[in-house]
Amino acid sequence: MVIRNCRWIPGCGAKVQPYLIGATNDGRHDFGYPCFMPREVTVDGLVIDDSQHPDDYQGPYLFTDPNGTGSATDERPFAYRLTGEGDHPAV
């Protein structure tokens, strides 16, 4: 994945906790193929205008948590593979 020479204004200027890429997968559905994060993420020339933000703001996130809000002990037979975990299929 490559993000290059972009300007991002989260929420079009609304007060939000910014996430550039949103992904959710609770690991219970078989999509018929493995789900995984990109092998590499290159960010070059991204400008983030986060001047409008919530009071408890701690900075932007590039990705949401793909495992969602479920418990870490939940059964996930088709778990989402995070970057750096095992071999990913060639893309």
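Let's test the formula: R0 of 25 Å, r as the Cβ-Cβ distance of residue 64 and residue 44. What FRET efficiency results, to the nearest 0.05?
Numbers: r = 22 Å, r/R0 = 0.87.
After rounding, the FRET efficiency stands at 0.70.
Determine the shape class of region 1-54: with a ≥ b ≥ c the square roots of the Cα gyration tensor eigenvalues, call it rounded for a/c under 1.5, and otherwise prolate if a/b is greater than b/c, oblate otherwise.
Working: a/c = 4.16, a/b = 1.60, b/c = 2.59.
In terms of gyration-tensor shape, oblate.
Any read-out appearing in this document is the output of simple, stated calculations on the displayed coordinates, not a laboratory observation. Quantities reported herein were computed from a predicted structural model and do not represent experimental measurements. Ideal geometry is used to build each Cβ from the backbone, glycine not excepted, and the neighbour counts take in all protein chains shown.
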